[in-house]
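The values are calculated or read from the model by the stated rules, or taken from the named source; none is laboratory data. Not measured: the values here are computed from a predicted model. Cβ coordinates were reconstructed from backbone atoms using ideal geometry, including for glycine residues, and neighbour counts include every protein chain displayed. Only protein heavy atoms, including side chains, enter the accessible area calculation; ligands, DNA and RNA are left aside. Shrake-Rupley method; radii C 1.70, N 1.55, O 1.52, S 1.80 Å.
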Amino acid sequence: MSKNQHGIGGLTFDSKKKARAPEWNVFFALLLIVVIFEGLGQALMGQSLLFDTGDRFGTIFNEARLKIIILQVAIIGIIALGSTQVIILGGIDLSPGSVVGVTAMVAMSFAQVGEINGMANPKLMFEGIYNLPVILPVLVGLCVGILAGAVNGALIAYTKIPPFIATLGMMVTARGAAKWWSKGQPISFPTDGYAALGKGMMPVVIFILLAILFHLILKYTVYGKHTYAIGSNEQASRMSGIKVERHKMLVYTIAGALAALAAVVLSSKNLTAQAGMGVMYELDAIAMVVIGGVSLTGGRGSILGTVLGALIFGVIISGFTFLKLDAYYQEMVKGVIIVGAVVLDQFRQQRAASRM
Amino acid sequence: MTDFTNANVVLETRDLTKHYGGVHALEGANFVIHQGEHVAIMGDNGAGKSTFVRQITAVEQRTRGDVLLHGKPTHFSSPIAAREAGIETVFQNLALADHLDVPSNLFLGREKVKFKFGPFSILDNKAMREATMAGLEKTGVKIPNILNSIENMSGGQRQCVAIARTAAFASKLTIMDEPTAALGVQETAQVENIIRTLKGQGEPLILISHNMRQVFDLMDRIVVFRRGRICANLKVSETDPQDVVAYITGAKTGAEFPEAA
């Protein structure tokens, strides 16, 4: 028996160090992708992706591009924080893109200004409802998202239909509701207070704050522990006394609330809300989550992984733009990367299973 | 050998009965286990062993009869209520979450918290780690790095964790449903060591097993089920495997159980 093994009855327990955190792999993937784009940039464009070559800004990094990379993933990243939890739970949520649409419409209709250039706002959604304090549209938006998430959760937990179907239904229904709300008309002209929520780097600030919050919640609270436990073994969780149904409702509701926050930030940033907002966002969010090492079979993954996944996503999109490649390629490569990440996860699981 | 007098009865069932529609899966089971006693439940497949355990642990609700824990009648609404009352069960299919570490599994569904705030209560990981070490020590299980996830462990180690779960909590009664059925020789030995440790500590235990050698090695008493009834109640010291097989197959029936013939 070697020194680092202990046991009785001939059964030994290996005391090998805990395996390297999987987030490191995602981080290395991020570095690798950056290096690839740097190389391609130097070779094809004679420019650097991330560094300020030629001292155009007098800084080490190309800060403008760094900002864009983070900014363009921040809003979908907020959604991805919710998707992370749903997927760790062993579920899937296809509805956040549509929830963004309907929430943006509803929130914006409570965020309009009364006057434009000294004239009464002709596009008011509700007569007499204008110049409300910023907290009101945000709360109304949150309520919409929470309602959608709670309906998802209730369907999945209590009618036992697959999450895929329940949230697909919500995806279609919420999109319909978004179009119905203003009969397809865009809603614009928010108050300055509302417009401030998505101004400049605010989406990034909100994304990072929410990421830190949910990182702590998943890591250090009973909520987090139960989310992982249910995703890992629902039956065992139930036998252990975890109120599985109630917990599922809670997780889907939080995912809905996060989609609503994304909608508020997005409509604020665009200064308008349209029924078509957020189309396909759920898939981009799921892509970030999967790239970030969260297992689609549940029980494994982290917020940190998803944030890194979002950055990879951002670097790829920026990289393609930087290389002046058509948007078609972006979409196609996105698809390949999603499938590739899931295939990698499969391999990882098979390896884990073969060790037993 | 310890004298098991009526004074220290841990669990008693009276006329415990379970019907599934017309099927009489369990009929009038009268059973007693004393403090520090290790009792084996044996019987053919479908003899009513698991049904019996399911009524005690409230996985199912009984049709008729009483279950008394320390002399007090109980009516557990769920397995969780039974567990909270001190009846810990190691299930045949391991109730473990593979992706979680050992303390998380031990405390699954009853986490220690530092700060209570509904579902967002803050976990007390340090207290859970320490209690885990204490629980593993009690069972004689040594796992140097308890922060490894369960999926990286062998079947035997996983079973040990499942059993340590019962020992980590001040349980009044441990029930094991074929804990070694899926294990190899060495791992079975490990689990049997744990059972011996529990015996040494005076913890009462009910073991469902098909393994005659195991039962004769470890247990004090054998209760044989046949066709939903208890047909024999034998002290290990006063019987032999052939005799037990005769009761299991129905070739023989205990004098005090005429209706089980």
Measure up A:Lys199/A:Lys334; A:Lys160/B:Lys126; A:Lys123/A:Lys199; A:Lys243/B:Lys49 against 30 Å on the Cα-Cα distance and list the ones that go over. A:Lys160/B:Lys126
Hey, could you grab the Kirkwood Rh for chain B? Inverse mean 1/r over distinct alpha carbon pairs, Å, one decimal. 19.2 Å
Quick check: the angle from helix A:63-88's long axis to the longest principal axis of chain A, C-alpha only, nearest 10 degrees? 70 degrees
So, relative contact order of chain A in percent, Cα under 8 Å, 6 or more apart, is 29 percent
Mind ranking B:Lys252, A:Lys243 by accessible surface for me, highest first, 1.4 Å probe? A:Lys243, B:Lys252
Taking the Cα centre of segment B:89-170 as origin and charging only Cβ (+1 Lys, Arg; -1 Asp, Glu), how large is the dipole, in debye to the nearest 20? 240 debye
Run the dipole for the protein assembly as shown about the Cα centre, Lys and Arg Cβ at +1, Asp and Glu Cβ at -1, nothing else charged, and hand back the magnitude in debye, nearest 20. 420 debye
Could you name the aspartates and glutamates whose alpha carbon sits less than 18 Å from that of A:Lys67, not counting residues in the same chain fewer than 8 places away? A:Glu38, A:Asp52, A:Asp55
Can you tell me the relative contact order of segment B:89-170? Whole percent, Cα pairs under 8 Å, sequence separation 6 or more. 43 percent
Evaluate E = 1/(1 + (r/R0)^6) for A:Met280 and B:Tyr20, where r is the Cβ-Cβ distance and R0 equals 45 Å; express this FRET efficiency to the nearest 0.05. 0.35
For B:146-156, what's the mean count of beta carbons from other chains sitting within 10 Å of each residue's beta carbon? 5
Reach of B:Lys199 by Cα under 21 Å, taken over lysines that are not fewer than 8 positions away in the same chain: B:Lys138, B:Lys142, B:Lys172, B:Lys235
Spin-label pair A:Met332/A:Asp192, simplified geometry with 7 Å Cα→Cβ offset, distance in nm: 4.9 nm
Picking from B:Asp177, B:Asp44, B:Asp66, which is most flexible by a Gaussian network model of chain B using Cα springs under 10 Å? B:Asp44
The answer for trypsin sites (Lys or Arg not before Pro) in segment B:104-135 that fall in a DSSP coil and have at most 10 neighbouring Cβ atoms within 10 Å is B:Lys116
Hey, rough spin-label estimate for A:Lys219 and A:Ala150, points 7 angstrom out along Cα→Cβ, what's it come to in nanometres? 3.1 nm
Please give the charge dipole size of chain B, origin at the Cα centre, charges +1 on K and R Cβ atoms and -1 on D and E Cβ atoms. Round to the nearest 20 debye. 560 debye
Which positions within segment A:240-266 get 50 Å² or more of their accessible surface covered by the other protein chains, compared to the chain by itself, with a 1.4 angstrom probe? A:Ser240
As I understand it, the value is the acute angle between the Cα axis of helix A:135-158 and the longest principal axis of the Cα atoms of chain A; what does it come to in degrees, rounded to 10? 40 degrees
Using only Cα atoms, tell me the angle between helix A:327-355 and the longest principal axis of chain A; keep it within 0 to 90° and round to the nearest 10. 30 degrees
Give the accessible surface of chain B per residue, rounded to a whole number of Å², with probe radius 1.4 Å and ligands, DNA and RNA excluded. 42 Å²
What distance in nm lies between label points placed 7 Å from Cα along the C-beta direction at A:Phe164 and A:Phe61? 3.9 nm
Per residue, how much accessible surface does chain A expose to a 1.4 Å probe? Answer in Å², no decimals. 46 Å²
Loop-only check: which chymotrypsin sites (Phe, Trp or Tyr not before Pro) in segment A:76-156 are DSSP coil with at most 10 other Cβ within 10 angstrom? A:Phe126
Kindly compute the accessible surface that chains A and B hide from a 1.4 Å probe when together, both sides summed, and give it to the nearest 100 Å². 3300 Å²
For B:Phe225, other-chain or 5+-apart residues with amide H closer than 5 Å (H placed, Pro excluded) are B:Met42, B:Gly43, B:Cys231
Hey, any idea what % of segment A:95-246's accessible area is carbon plus sulfur with a 1.4 Å probe? 71 percent
Can you find, among A:Met249, B:Pro179, B:Gly28, the residue farthest towards the positive end of the dipole of the protein assembly as shown? Put +1 on the C-beta of Lys and Arg, -1 on that of Asp and Glu. A:Met249
Selection of trypsin sites (Lys or Arg not before Pro), segment A:41-111, meeting DSSP coil and at most 12 other Cβ within 10 Å: A:Arg56
